[in-house]
Every structure is written in structure tokens, then in C-alpha cells.
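Undergrad: Below you will find the structure I want to go over with you.
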Amino acid sequence: MFFEYLKGQQQMNLQINRQLNGLHDNPKVKQDLKVVIPQIQDEESWFSAWHTVGEKRERQADFALACAYFALAQFYLNKHDSRKKVTVHRYLNNFYRSHPELNYVEYKVPYENSYLPALKVVVNPGAHKTLLIINGFDSFMEEILAVTDFFKGTDYNLILFDGPGQGRALIDNGILFTPYMEKAVTQLLDYFELQEVDALGVSWGGYFVIRAAAYEKRIKQVICFDFFYDGLNVFLNGLPSETKERLRSALEQGNETSVEKLLKPFIQTNADLKFKLNKGFENTGTKTLCSLLKQIALHNVSGLGKKVTADVLLLAGSKDQYVPFQDLALEQAELRSARSLTTKIFTEKTGGEQHCQAGRYDLALNAVRIFLNQPALPGHETSI
């Protein structure tokens, strides 16, 4: 279930639901929320409130709660804030302290002049298959590592990694976001000497996994958790149609002045847009709105999907606040060369209607298990 903690703050509500997944009914969480929620007025009070309860729970050795709270505390801090890196590592340290049961080995996969942090996770001893998991726009691989129990009883073990512009690859190694994720994926497959894998992309990873499968034929089955068609559509989602059209025209002309003029009124009032732009600057290293949006526009399935010949599962939330639901039909049409195409749509009636089924990850992960255990027949387009 998706909870509205802060009235009218869709972006902040999504982040709270995301980090407190499975913890909503914890009495300590309910107690902490009574303290935290009334304090939140802006991004600074957001940091202060979550950081304070994070420290409290860390002192009490309640590492799972401390992990969730520090993850929330760091979320809106920008890269120039000295508190960012410290808080991120408190989140990660508490994550591993709260999951001593995990069976994993850490790796540093060479990439460019640095490395990508990666984990090889044994979920099912004796499993014959590997599932590669690709992060999104603002996530760490640990978010998925926390739910690896969902893959018990399958024939899979997992490889997770922070790719360019993600997690510790960005914050520790300074490796910037790129639309060309297939380069990192090929590097990983070569490093681990894998001849065949299946791959799951989370959030923005729904684009990355399609991109990787288009060029890397060692990927046999593809899961978009959720589907992701056009990065620029995601950034501009919710803006008036006329504004979006004028912005696209200004971007094509490289007119920085017009781009700034068109976006300025919305940046001041739209917390979601403000976050995406600030995080986008951090991820890409770009300096201007025009250069950032041009970079984001490269993250597009159009013209790419026809190169994908794997089996594909598209998950979609009907009320996704990031990815426009109407783009689903465009992506389905684009994937005409897929060996098979399966789509699962989540609604308010079924639950899971939010981005990446926030509040009901179990529904999405169950659909993933069904797909992995019972692949669709070649040439068939199905819904589940």
C-alpha cells in the first residue's frame, strides 16, 4: 500500500514509501514518524529530521531503521554538501550491519580509469543461471540486495553493481552517468566470464537494460522494473504540453536562454522537477540546463528497441509519477523484434500503481519470478 505521509508532496511521499517498504507496521517506525513528519517543511528540515532519528536508532543498534533513515536523510543533499558522502556511507554501513545473512562477495570491476563496485550474491546454492541487476537514476545496488530473498527457489544467483552515475561509482569514484550502459554491462560480463545471463533494470534501469540487451546478445531475458521509454519525457512529466513542446524546440536550437526562461517558473514551484534537475547535474557533471537536458534526451528507446531480440517483461504502474504511462504503447511497438513480449500493468485496484510499485514491491517481484520461471513462448505478446 502506498502511504501519503506529507499532504501534496508526491515526490517526498514516494521516497518515504520506497525506504520504509516492509517497515510501515513496525511500532518504532510509527513512533518515529509521529516525530519526523511534523518537522518536514523543506529539504533542510527533511535532512535534519531523518538524520536525527537515524542517529537515535543507530545508537540503539537498530540498524535496519538507521539504514532507512540515513538513506532518506541523504536523498536531497547535493554533491557540494559536505554532509552528503558521510551520510551515504552511514546508510551503507547500517545496511550491511542489518543484513548479516547475505551471502555475497565484493568486486571492483575495472572501468575506464577506475572501477565499478559489484557484488556476486549466492541466493540459491547450485543455481545454474545468473540475473544481472541494473540500478536507476538515484539508487544504490543495496536497495535491491535487500530483497534478494524473493529470488529464493529460482535457478538464479545474482550480480549487482553500481554503474556510471550510480551509487558508489558516482559518489566515491566520480564516474558520471551515461546513456551507453552497454559498455559497462559488457565489461561486467567479460570480467565474470559469463556467456549467458538474464537482466533486470530498476527504474531508470528499465532503459539501461533495454540498451544493454540491444547490443549485448549474451542477455537472453530482459525485465524492465518498470518500463522506461524516454528520459526527457520523464524529466518534463507533469509540465503543460505547450511548455514541453517549446522546450524541445529550444533544446534542438541549443537556446539556453529560452530553456532557462521556460523552466524557471516550474523549478520554483515543482519539487519533483527541482530534484530531477539537481540530481541530473550531479549525475552527469553538466553545468547548464540545456546541456543537462540534451544529455538526458539521449536516454531514449526510440530506434533502439528493434535491436532487442531477447524475451522481454515490461512492468508498468498506471499512476507512475515519473514515467508517463502513455509511453508504454510506444515501447511495446518499439520492441517488435523481441523473441517474446510480456506486459504486466499494476493499477490502484490491484495495487502497485506507483513508480516501481512503491509500497507493494512484492507484487512486482512476484511477477518477475513468474516470468523467470515460466518464460513466454517465442513470438507471443502476452499480459500477466
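The values are calculated or read from the model by the stated rules, or taken from the named source; none is laboratory data. Keep in mind that this is a model prediction, so the values were computed, not measured. Using ideal geometry, Cβ is built from the backbone for each residue, glycine included, and neighbour counts are taken over all protein chains shown. To get the accessible areas, we keep the full protein, side chains included, count just its heavy atoms, and leave off ligands, DNA and RNA. Shrake-Rupley method; radii C 1.70, N 1.55, O 1.52, S 1.80 Å.
Undergrad: With respect to Phe227, determine if the residue is outside any helix (DSSP H, G or I), open to solvent by less than 20 Å² (accessible area, probe 1.4 Å) and either farther than 30 Å from Glu196 by Cβ or modelled with pLDDT of 95 or more (or both).
TA: Against the criterion (outside any helix (DSSP H, G or I), open to solvent by less than 20 Å² (accessible area, probe 1.4 Å) and either farther than 30 Å from Glu196 by Cβ or modelled with pLDDT of 95 or more (or both)), Phe227 qualifies.
Undergrad: Any residue in region 344-371 that's closer than 19 Å to Val222 by Cα and in contact (Cβ under 8 Å) with a residue 24 or more places away in the chain: show its pairings with residues that are open to solvent by less than 10 Å² (accessible area, probe 1.4 Å) and among the acidic types (Asp, Glu) at Cβ separation under 6 Å, as long as the two are six or more apart or on different chains.
TA: Short answer, once both residue conditions are applied: Cys356/Asp226.
Undergrad: Looking only at helices (runs of 4 or more DSSP H) that fall completely inside region 157-224, which ones have 1 or more residues that are β-branched (Val, Ile, Thr) and in contact with a strand residue (DSSP E or B) (Cβ under 8 Å, 6 or more places away or on another chain)?
TA: Values: elements: 167-171, 182-191, 205-215.
Correct list: 182-191, 205-215.
Undergrad: A further question follows. Suppose we filter Leu20, Leu6 for residues that are under 30 Å from Thr350 (Cα atoms), out of contact with any His (no Cβ under 7 Å at 6 or more places or on another chain) and modelled with pLDDT of 90 or more; which single one remains?
TA: Leu20
The rows are residues; the columns are (1) modelled with pLDDT under 95; (2) of a type in the set (D, E, K, R).
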position: Lys276; (1), (2): yes, yes
position: Leu304; (1), (2): yes, no
position: Leu314; (1), (2): no, no
position: Leu330; (1), (2): no, no
position: Thr382; (1), (2): yes, no
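Undergrad: What about Phe140, is it in contact (Cβ under 8 Å) with a residue 12 or more places away in the chain and closer than 16 Å to Tyr91 by Cβ?
TA: Yes.
Undergrad: Which condition number does Thr52 fail, the rest of (1) closer than 29 Å to Ile175 by Cβ; (2) modelled with pLDDT of 95 or more being met?
TA: Unmet condition: (1).
Undergrad: So which of His51, His24 is of a type outside the set (A, V, I, L, M) and surrounded by fewer than 18 Cβ atoms within 10 Å (Cβ to Cβ)? Show your work before the answer.
TA: Details: His51 fails: surrounded by fewer than 18 Cβ atoms within 10 Å (Cβ to Cβ).
Selected residue: His24, the only one of His51, His24 that is of a type outside the set (A, V, I, L, M) and surrounded by fewer than 18 Cβ atoms within 10 Å (Cβ to Cβ).
Undergrad: So, in region 187-202, exactly how many residues are open to solvent by 30 Å² or more (accessible area, probe 1.4 Å) and either under 26 Å from Lys279 (Cβ atoms) or of a type in the set (Asp, Glu) (or both)?
TA: 4
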